[in-house]
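The values are calculated or read from the model by the stated rules, or taken from the named source; none is laboratory data. Everything quoted here is computed from the prediction, not taken from an experiment. Note: ideal-geometry Cβ built from the backbone for every residue, glycine included; neighbour counts use all protein chains shown. To get the accessible areas, we keep the full protein, side chains included, count just its heavy atoms, and leave off ligands, DNA and RNA. Shrake-Rupley method; radii C 1.70, N 1.55, O 1.52, S 1.80 Å.
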Amino acid sequence: MMTVEQERETIRQARTNARAFAPLYDHYYPRVHAYVCYRVFDPQDAEDVIADIFFKATFPNRMYRGYIPLVLFYVDMAMFH
């Protein structure tokens, strides 16, 4: 389990180093995967949605600002995907 402080530090590092995102991905992928598979019945579509969520959250525009827990940010993105 990742503490809030560990999560924040990892997010800070991931903003400048994409490889630093791996612990967040590893930690949250199972929960995001379960939620998306519940909402999207086609396995390939679910994998596409998951990939898009993590890509948008991590690389191009750094959308996550820290106002809500990271897992809720991912679920929110999945809901509106």
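General remarks:
- Annotation: for a label point projected 7 angstrom from Cα along Cα→Cβ of Leu72, residues of region 26-46 with backbone N closer than 20 Å are 27-36.
- For the chain, with +1 on Lys and Arg beta carbons and -1 on Asp and Glu, the positive-most of Ala46, Asn17, Met2 along the dipole: Asn17
- At q = 0.19, 0.27 Å⁻¹, base-10 log of I(q)/I(0) for the chain (Debye sum, equal scatterers on each alpha carbon): -0.79, -1.45
- Rel. contact order, % - alpha carbon contacts under 8 angstrom, at least six apart, the chain: 26 percent
- Heavy-atom accessible surface of the chain, averaged per residue, reaches 68 Å², computed with a 1.4 Å probe.
- In a simple Cβ point-charge model (Lys, Arg +1; Asp, Glu -1; nothing else charged), the chain has a dipole of about 400 debye relative to its Cα centre.
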